[in-house]
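The values are calculated or read from the model by the stated rules, or taken from the named source; none is laboratory data. Note that the structure is predicted; figures quoted are calculated from it, not measured. With ideal geometry, Cβ positions are generated from the backbone for all residues, glycine too; neighbour counts draw on all protein chains shown. The protein model used for the area step is the full one, side chains on, heavy atoms only, and it has no ligands, DNA or RNA in it. Shrake-Rupley method; radii C 1.70, N 1.55, O 1.52, S 1.80 Å.
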Amino acid sequence: MEKTQALAACVFCFGMSYSISDLAKILGLPHQGDGNQLLTRVSSWEDADNSSLIFLEISGKRITLPERVPAACIMAPPAVVRSGWNAILSDTPKLHFARAGQLLQPRPLGQGFRHATSVVSAQAVIGGNVDIGPHVTVAAGTFIGDGCILHTGAVVGKNCILGEQCILYPGVVLYDRVELGNRVTLHAGAVVGGDGFGYVSDGKKQEKFPQVGRVVIEEDVEIGCNTTIDRGSPRIGAGAKIDNLVQIAHNVQIGRGVIIAAQTGISGSTVIEDWAVIGGQVGFGDHARVESGVIIGSKAGILPGKIVRKGEVYWGVPVRPLREFKRLNALFGRLPEMKDEIDALKEALKRLEDAFRDLQHRISESP
Amino acid sequence: MEKTQALAACVFCFGMSYSISDLAKILGLPHQGDGNQLLTRVSSWEDADNSSLIFLEISGKRITLPERVPAACIMAPPAVVRSGWNAILSDTPKLHFARAGQLLQPRPLGQGFRHATSVVSAQAVIGGNVDIGPHVTVAAGTFIGDGCILHTGAVVGKNCILGEQCILYPGVVLYDRVELGNRVTLHAGAVVGGDGFGYVSDGKKQEKFPQVGRVVIEEDVEIGCNTTIDRGSPRIGAGAKIDNLVQIAHNVQIGRGVIIAAQTGISGSTVIEDWAVIGGQVGFGDHARVESGVIIGSKAGILPGKIVRKGEVYWGVPVRPLREFKRLNALFGRLPEMKDEIDALKEALKRLEDAFRDLQHRISESP
Amino acid sequence: MEKTQALAACVFCFGMSYSISDLAKILGLPHQGDGNQLLTRVSSWEDADNSSLIFLEISGKRITLPERVPAACIMAPPAVVRSGWNAILSDTPKLHFARAGQLLQPRPLGQGFRHATSVVSAQAVIGGNVDIGPHVTVAAGTFIGDGCILHTGAVVGKNCILGEQCILYPGVVLYDRVELGNRVTLHAGAVVGGDGFGYVSDGKKQEKFPQVGRVVIEEDVEIGCNTTIDRGSPRIGAGAKIDNLVQIAHNVQIGRGVIIAAQTGISGSTVIEDWAVIGGQVGFGDHARVESGVIIGSKAGILPGKIVRKGEVYWGVPVRPLREFKRLNALFGRLPEMKDEIDALKEALKRLEDAFRDLQHRISESP
């Protein structure tokens, strides 16, 4: 049982501490106040204590700043920092706060623990300092890179390749022939490599269309809880971030740095180019293409085969450029007025026709 | 293996039996017929047998009632009960049927079984009468309250607190620092405490925004299969009921008694106040607020920052009050007629203009 | 550990090989070229090698066919096959390619392996040649048919019945009293038999409505990753195919051969009749009915109680026949023009009214 505890302990307790001056130096930022004050964590304003770093962004809203910062230190733009504060000065405080978070609570690294209840094939190759938690299974022909952490109950199929420092949270399932680059993170319940959803009807029954090929997930990708990615040669580009409960079908190509919010679904053979940002609950038909850098709003729908051109923000079902969508949506809300205007026009025209007929009549009868 | 069987057996077989008269008495309702007849379960009409209780609601539709009830007893309003029936009389038969169900098939309680394949940290504190099924993992620093049931393969992270009589169905995952009140039910595959989905771009790559804080799920909450709830201080209020495949992002606040149907997604920092009822496949932008008691129809979309005011039912994308939505939807369906009317108006106006010009011409030429 | 490896090895490596002439003969198709060439797998064009079969469909687009097929053999219509190719001739190449895939990579069959870490109740009945992988649990009163494969961590509750040759991928959860016909496939993380989502409010709290009854999934059904199917007497008809992350509520009836794409949700007591095809992210209210053979487009919404009549394709929220939807959608996009036309009409009418008034005035003043 001791190993279990150690394993459990190793995974989340890598908190580091830095003095304000050291942290500022690493981030390349000026600071003020007590540079020797130790910081051990980042926190929200509500949860802050005397060893935590908080941050402040200048937004449109005017907020009243407190006399004393309710934390050990604040990351904030110079313009708002008061003289008595311990502060690290940044014009992009959210970004630097994120970086501080990575320094204070760095990504966990495996330490080489292996739980007795794990089942690892003798034909699997396990790198150095890999943590393998309780009830984990690793099948034959699979390679696990240095420093990976496989949490409780993770299942890794045959002939998979995991790069270095990947983290598989509890219950993640990799089917056979899945490849992960370095530092890939898969959250609990994510499933990678299921059969693509393809059938051919012969008129009497649905015949399963074979889904072959690997799945490739490149380095620094993070995938959310219970998200599903099907087999059939999909590629998830380096640095892409995919939220919870997303569905990615067979043969989909996701570019580098793409962001996909929760519950979005992407049908077979669709391509999302680099740096696109996709909202939640969006649906993509198959063989669509989203050009690089495009932003698509939540709940949008993209028709099969549609090419969504770069340089715009898109909304709606089917998607339209945001400006157009806004105008249409506003007019949709004005349908009752349009209807009334049409009715008023009909009546006014009718009155004018009547008056005109009267006039005609009068003229024709006039001597 | 014997413990396994016992554990498996203990969990679902708590069926109780009551005579009709005893059950009616507990529910505070009158009854008629054979009060000594034993009831052992509630059932649908189709599955009923001679020991089951069924129920009947008076709906708008006229239904023909059978001479004999196809069950041991029926729960029904006095007005429809025939003289030969065994019946418990209720003006809210569905509600009392639900309560009868809870008496006949009460919520299971742990009995203190622990399966040999479970992995429980010596630094976890396990209350009395806790059932821990096969392949369950409980990490260090966690407290499990009396009478909890952890089904096969449930994973409980570090420093979690489970109240009394919680049930975790197979494969549930709690990340670290999750708190459950008493009698919380998590269905199979639900994941609580995953990292919130937040990134800050520095123009070259997405930096992970730190998600800190606990998750608090208050008493009597029920959460559906494969639903995901992220870390970052979300709170799920007492008695809230959340269906399958729902996504709840970081820092979301769900009030007491809220109902959320399947596949709905709630973005970061949104607040759903007490007793709101949210349909299926609804999407919420971040920092939105739904006031207490609001009803939102399925597939609705709520824009970021939107405040949905109390006292109304809402539908549509973006949401509008139901009456307004209905009117707009009806007019949307009438767009072809509106288009035809506009065309007809154009033509009629043209004709009138021509006739008018003729008349002008005739007058100007008249002597 | 040896058994594990054997089990892992048994599951996915059933590749068969056929000569071109043998395969053509079994499929009842003519062939040309080297009939003795061995085929070991189907593949995409990109992944093809000298033992793989690829296929070609004639589409609207003109494609340039290569001199030599980049594979051992091609399945294609006679009209496009060039003389030098190894080819199997078919007018429905996609269908025959699917069948060839089933011959070359047949559905895996259990071999009778049982992993030492599995927990099988002594009161469960396990058929012949059943594979039971690591950390699998089978509870009391359950029957597993011949040739089933239960992958790592699958959980089968009490009193379930599995037909022959079912496959449960890793982490599948069957609650109690689930029945599977022969050759049912459940992908990783699918959950069958969770409580239906039903509550009755007494004004102060939500009382759980009892969900009773079995779940019946008929033969040859395939269900995707992380899909959830609730208890309360649902029936999934023979040969139905359900994609990933689909939600099927209590008491839903799915007909034979129905196709349901990813992330669709079906509310309680709704009926989908045989051979209907449902797109992705569709939402169904409760007590709706879809008649047989109906096609419903992605993202559609069906109101509670709605009957969707056969013989049409449907789209939209709420659903309308496709032709009507298209017309309305086109007019929606033309709302700005309609608005402009109304404004132009108002102006033209105003001008005419003014001119008319002038004329009236002139006439009345004329001698």
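Worth pointing out:
- The helix-only estimate of mean residue ellipticity at 222 nm for chain A, built from DSSP H runs of length n ≥ 4 each weighted as -39500 (n - 2.57), is -6500 deg cm²/dmol after division by the residue total.
- Lys/Arg +1, Asp/Glu -1 at C-beta; chain C dipole; positive extreme among C:Ile296, C:Phe55, C:Ile217: C:Ile296
- Projected-area average for segment A:167-278 over all orientations - Cα convex hull basis, square nanometres: 6.6 nm²
- Ascending distances from the B:Gln102 label point to its copies in the other chains, with the point 7 Å along the Cα-to-beta-carbon line: 5.0, 5.0 nm.
- Loop-located trypsin sites (Lys or Arg not before Pro) in segment A:135-213, at most 11 other Cβ atoms within 10 Å (DSSP): A:Lys204
- At least 40 Å² accessible surface lost relative to isolated chain, residues of segment C:298-319 (1.4 Å probe): C:Lys299
- Residue ranges A:38-47, A:327-336 sort as A:38-47, A:327-336 when ordered by packing (mean number of other C-beta atoms within 10 Å per residue, highest first).
- A cut-off of 5 Å between modelled amide H atoms, ignoring neighbours fewer than 5 places along the same chain, links C:Arg41 with C:Leu53.
- Candidate lysines - alpha carbon under 29 Å from B:Lys208, same-chain residues fewer than 8 apart omitted: A:Lys25, A:Lys61, A:Lys94, A:Lys241, A:Lys299, A:Lys310, B:Lys158, B:Lys306
- Lys/Arg +1, Asp/Glu -1 at C-beta; chain A dipole; positive extreme among A:Ile259, A:Ile20, A:Ile132: A:Ile259
- Local electrostatic count at B:Thr40 - Lys and Arg +1, Asp and Glu -1, tallied over other residues with Cβ under 14 Å: -2
- Across peptide B:262-273, the average count of Cβ atoms from other chains found within 10 Å of a residue's Cβ is 4.
- Dipole magnitude of chain A about its Cα centre (Cβ charges: Lys, Arg +1; Asp, Glu -1), debye to nearest 20: 340 debye
- Apportionment of accessible area to carbon and sulfur, the protein assembly as shown, percent (1.4 Å): 51 percent
- Take A:Gly28, move 7 Å from Cα toward the beta carbon, and the resulting point lies 7.1, 7.1 nm from the same point in each other copy, nearest first.
- Loop-located trypsin sites (Lys or Arg not before Pro) in segment B:278-314 (DSSP state not H, G, I, E or B) with no more than 14 neighbouring Cβ atoms inside 10 Å: B:Arg309, B:Lys310.
- As a ratio to 2.2 N^0.38 Å, the alpha-carbon radius of gyration for the protein assembly as shown is 1.04.
- Distances between copies at A:Glu46, taken between label points 7 Å from Cα along the C-beta direction, are 4.5, 4.5 nm in increasing order.
- Using alpha carbons only: equivalent-ellipsoid semi-axes of chain B, gyration tensor based, whole Å: 53, 37, 15
- Leaving ligands and nucleic acids aside, the C/B contact buries around 5500 square angstrom of accessible area in total at a 1.4 Å probe radius.
- Seen from C:Val271, the other residues with C-beta closer than 14 Å to its C-beta sum to a net charge of +2, counting Lys and Arg as +1 and Asp and Glu as -1.
- For chain B, DSSP calls about 10 percent of its internal beta bridges antiparallel.
- About its Cα centre, the dipole of segment C:119-323 is roughly 700 debye, where the only charges are +1 on Lys and Arg Cβ and -1 on Asp and Glu Cβ.
- Using a probe of 1.4 angstrom and keeping all protein chains present, the accessible surface of segment C:263-367 works out to 48 square angstrom per residue.
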